[in-house]
Amino acid sequence: MAVIELIRANEQYAFDSKDENGIITKMDTKPEMGGQNYGARPMQLLLNALAGCSSIDVLSILEKKRQNVTNYKVRVSGEREADKEPSLWKEIFITFIIDGEVSDDAAHKAIELSLDKYCSVAATLKAAGAVIKYELVLNGK
């Protein structure tokens with residue numbers, strides 16, 4: 001079972017969240033709501049989690065396919081529902097930037113397996129109504 005402990009880090013809305021392994025995540029709200037940029041916004045952390053979850057899958061699948069990844073980066077952007085409370089992620093776009101001796105087919109297959117089958121974060125966001133799309137930039141193309 002995962003366990004998170006959150007403590008207030010200042011007199012405003014800054015928090016330190018610690019998991020069962022002692023790893024600390026800093027959180028805050030946006031300045032216009034009283035935040036002080038102490039840490040990531042909780043909703044941004046969902047995008048971070050998506051990037052991390054899918055990247056673990058993609059790199060693992062490419063390694064099993066004996067693809068040689070020399071550089072790897074992911075960019076995630078998202079659009080939230082307008083004028084709703086709570087405002088959920090509506091559309092999420094992921095750019096996978098991969099360099100190395102990697103075939104286009106293997107990279108696409110790895111990404112699709114992650115987003116459609118293995119990544120629990122993607123499945124959670126989709127269950128909440130988010131549409132997740134991606135693009136692949138392979139060796140600068």
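Using the rule -39500 (n - 2.57) for each DSSP H run of four or more residues, divided by the residues of the chain, the 222 nm mean residue ellipticity is -9500 deg cm²/dmol. For the range 117-129, 3J(HN,Hα) computed residue by residue from phi via the Karplus equation (6.51, -1.76, 1.60; θ = phi - 60°) reads 10, 9, 6, 5, 5, 4, 4, 5, 5, 5, 4, 8, x Hz, glycine and proline entered as x. Distances between placed amide hydrogens fall under 5 Å for residue 91 paired with 79, 131, all partners being 5 or more residues away or on another chain. Here the residues 97, 4, 24, ranked from fewest to most Cβ neighbours within 10 Å of their Cβ, fall in the order 4, 24, 97. Residue order for 66, 75, fewest other beta carbons within 10 angstrom first, comes to 66, 75.
When 60, 87 are arranged by Cβ crowding within 10 Å, least crowded first, meaning fewest neighbours, the order is 87, 60. In the chain, the convex hull through the Cα atoms has an average projected area of 10.3 nm², a quarter of its surface area.
None of the figures in this text is laboratory data; all of them are computed from the coordinates on show. A quick note: this is a predicted structure, and the numbers were derived from the prediction, not measured. For neighbour counting, all protein chains shown are included, and Cβ atoms are generated from backbone atoms with ideal geometry for every residue, glycine included.
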